[in-house]
1. With in contact with a helix residue (DSSP H, G or I) (Cβ under 7 Å, 6 or more places away or on another chain), within 24 Å of residue B:124 (Cα to Cα) and part of a strand (DSSP E or B) as the only criterion, which of B:91, B:87, B:105, B:81 stands out?
2. Go through (1) out of contact with any Ser or Thr (no Cβ under 7 Å at 6 or more places or on another chain); (2) more than 8 Å from chain A (Cβ to nearest Cβ); (3) not in a loop (DSSP other than H, G, I, E, B) one by one and return the number of the condition residue B:74 breaks.
3. Considering only segment A:233-276, state which residues are assigned to a helix (DSSP H, G or I), surrounded by 21 or more Cβ atoms within 10 Å (Cβ to Cβ), hydrophobic (A, V, I, L, M, F, W, C) and within 14 Å of chain B (Cβ to nearest Cβ).
4. Those residues that are in contact with a Ser or Thr (Cβ under 8 Å, 6 or more places away or on another chain), more than 14 Å from chain B (Cβ to nearest Cβ) and closer than 23 Å to residue A:161 by Cα, I need them from segment A:85-136; list them, please.
5. Specify which of the listed residues (A:281, A:257, A:263) is more than 30 Å from residue A:108 (Cβ to Cβ) and of a type in the set (Gly, Ala, Ser).
6. Between residues in segment B:34-53 that are farther than 16 Å from residue B:207 by Cα and residues that are surrounded by 23 or more Cβ atoms within 10 Å (Cβ to Cβ) and among the basic types (Lys, Arg), which pairs lie under 9 Å by C-beta distance while being six or more apart or on different chains?
7. Look at residue B:49 and say whether it is more than 30 Å from residue A:278 (Cβ to Cβ), part of a helix (DSSP H, G or I) and either of a type in the set (Val, Ile, Thr) or within 11 Å of chain A (Cβ to nearest Cβ) (or both).
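The values are calculated or read from the model by the stated rules, or taken from the named source; none is laboratory data. Remember, predicted model here, so these are calculated numbers, not experimental data. Cβ placement follows ideal geometry from the backbone for every residue including glycine, while neighbour counts extend to all protein chains displayed.
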Amino acid sequence: MSDSLRTSRLPLLVALTALALGSALALTSGPVLSDWRLLVAGWLPGEWQGIEAIHLQVVQEIRLPRLLLAAAVGCVLAQAGTATQTLCRNPLADPGLIGISAGAAMFALAVIALGKGLGLTGSYWITGGAFIGALLATMLVYRLAGGPRGVNIATVLLAGVAINAMAGAVIGLLSYYADDDALRLMSFWQMGSLAGVTWQQLPFGLLCMGASSFMLWWRRRAINTLLLGEQQAQYLGVNTRQLKREIVIWVALGVGGAVALTGMIGFVGLVVPHIARLLVGAPLPKMLPLAMCLGAAVLVFADWLARFIVAPAEMPIGIITALLGAPFFIYLLVQQKRRLHA
Amino acid sequence: MHDVVLSLQQVSVKRGQRCVLAGCNFDFKAGQFIAILGENGAGKSTLLQAIAGDLTYHGTMTYRGRELRQWSARELATERAVMEQQAYATAGLTVAELIALGRYARGEWHGESVAACKQAIAPWLETFKLTALAQRELTELSGGELQRTHMARCLAQLDDGNQSATAKLLLLDEPTAALDVYHQHLSLQQAQAFARNGHLVIAIMHDLNLASVYADQVLLLQHGEPCACGRPTDVLQPQRLHELYNQPMHVSQHPQLGVPMIFSEPHTNSRMTRR
């Protein structure tokens, strides 16, 4: 037997290259100045070929934190999607579709609304609220849909519809109290945006996402056994009860951290793991690194598009991911239907 | 070699208020192939799941002298393998990748490398005639190929290399349901050979003749209670089988093998009598 396992190096290499290119693009283009030499100028002392200190400051203070956030959120959403899909044994179980992001957004908004009165205005409070919302939503969905024979995907998606509707209503309520600031906020929460992120906002959310990302990666081999169902995973040596609890917590932490900083960005967790699986197969040890890189690359590009298409204005990044992801979702539905009726 | 591996005393299982399994008292020894027989709903799968450590049971069940409840999933992972009745065909997984999943515990806790894992599964691919299918996706397999893959996975899970000091436990729920005649014998021969190496195999079976050929002991279950247990020659009697399955049976002896040969006969009266 020469090589029993499909090689995953080439797709990973391509994904990494795409991420690098996307990063370069994100750093060097924008309304203030688009110049590839910005990449080089940062390393040189003083002024160089007409690039001024203000331009470098734009890169360092505006574009760089934004790039970092986009990559982190893309990576975490792809991982969370992979984990929930493996847990539910269904490729449709995306954190956005099943209401985890909506739960996070709802609670983050509640903290913002109530926090002013109570003095809880720091980013940790918002992130903490988003985490709790995500956790409650995940537990609710899993409790509703879980059964002795695994998870019922129809119930999962319907629970997602309910939670998304509720989040929509809560966000809609805001519009009656809206000043201009709040209106901008609404579009932020519904469609997601990475605009205006600063270094000061990042640390706590990045910490949450980093912890989630690390733990989901660390436990990839255990999560991988769930491909054979919960019972067989137990036979293979996994404490499935504990593993499920872990997955719920790490997914909630990651999605909570992402939503608190960027609002609801849909479909990344659906599309990216699916593409990764198509390229290298379902085993997590191979597809997870690829999904992480692809997720980061996709979101970096999507964010660049969001800035580019209507420049110098910006559109919410969720519009882009939904435009790309929703048709894909329909395609997956058709495939599932075909499999059921084959 | 022939010490008791699995011992059940007054084992019973309840599902809700209903007692689905009761009065199980057995000692199963190493080196044996046990076939569980019985009509649909007799409690066969329940018994197998209880032995697998899946269900809450009453009474005592000891595996290698230690109460089954005290074994952790991690400890059991290299000692007992279970082939479920429903063979999953997970999308995006190849035959080799599925069998490699059987080595999960060894990779996670016993430091087995990917290369060593490949080496360990190669003979099982070979044995079950799956080498040519190794890179095939599970969703593209036939039912029989899928069942063989799961069987290979179970045996790879329990494979310690050459030296197996401990008596392992292989639990099979209808291992031949999807197989053609050739592969039925292939799979059961492998299970039997595994038992002969000092392990214990317990299989739920519906084919009485295959049970008669391969089992060292058959265990008959009726309405959640064992009604007979012993060598096929002693247990597989026409009258007893008729009562068990509510179906007239003709039993004769195989001229060469000397084991009972069972043929189920149509009911003599036109009306099927159901209890």
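1. B:81
2. (2)
3. Passing the criteria: A:233, A:276.
4. Across segment A:85-136, the qualifying residues are A:94, A:95, A:98, A:100, A:103, A:108, A:134.
5. A:281
6. B:51/B:80; B:52/B:80; B:53/B:80
7. Yes.
Yes/no per residue for (1) modelled with pLDDT of 85 or more; (2) closer than 21 Å to residue A:94 by Cβ; (3) in contact with a Ser or Thr (Cβ under 8 Å, 6 or more places away or on another chain):
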| position | (1), (2), (3) |
| --- | --- |
| A:175 | no, no, no |
| A:202 | yes, no, no |
| A:212 | yes, yes, no |
| A:250 | yes, yes, yes |
| A:265 | yes, yes, yes |
